[in-house]
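K.L.:
Structure below; questions to follow.
What follows is calculated from the coordinates using simple rules that are stated; it is not laboratory data. What you are looking at is a predicted structure, and each value in this text was computed from that prediction instead of being measured. Please note: Cβ atoms are built from the backbone with ideal geometry, for glycine as well, and neighbour counts cover all protein chains shown.
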Amino acid sequence: MSAIKYIKPKHANAKQVSWKISENTRNIVSYYAEYTEYSEDEVVDRLLKEFLVNDEQFIQWIKSKRSNKKMLKAVGLLKEEESIGDNVNDET
């Protein structure tokens, strides 16, 4: 008997945002969405996540911030267990 894989939500904690982008960028997103068969929202979400978390200077900037644990967790670079463990160590 094989293990059941549960369906995970596509956009956990997705929020509506309002940004202005150039018409050219909007066209690129639209065509890329058509090509990949993802929605435009999914394309933007995936591309930003992949691109920004691989920007080494951005990550170094976050790490240089004094109170960076929340930021590191938000971008997926700090697990909940690490955060809890660090808080315990900070108190001793």
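K.L.:
Can you compute the modelled spin-label distance between S67 and N27, with each label point 7 Å from Cα toward Cβ, in nm?
P.N.:
Label-label distance for S67 and N27, simple model: 4.5 nm.
K.L.:
Further question: Which order do peptides 55-67, 14-26, 33-45 fall in by mean Cβ count within 10 Å, highest first?
P.N.:
Result, highest mean Cβ count within 10 Å first: 33-45, 55-67, 14-26.
K.L.:
In terms of modelled amide H atoms, which long-range or inter-chain residues lie less than 5 Å from the amide H of V75?
P.N.:
none
K.L.:
Can you work out ³J(HN,Hα) from phi for every residue in the range 52-66, in order, using Karplus 6.51 cos²θ - 1.76 cosθ + 1.60 and θ = phi - 60°, giving whole Hz and x for Gly and Pro?
P.N.:
Values per residue, Gly and Pro as x: 6, 6, 9, 7, 4, 5, 4, 5, 5, 4, 4, 5, 7, 5, 4 Hz.
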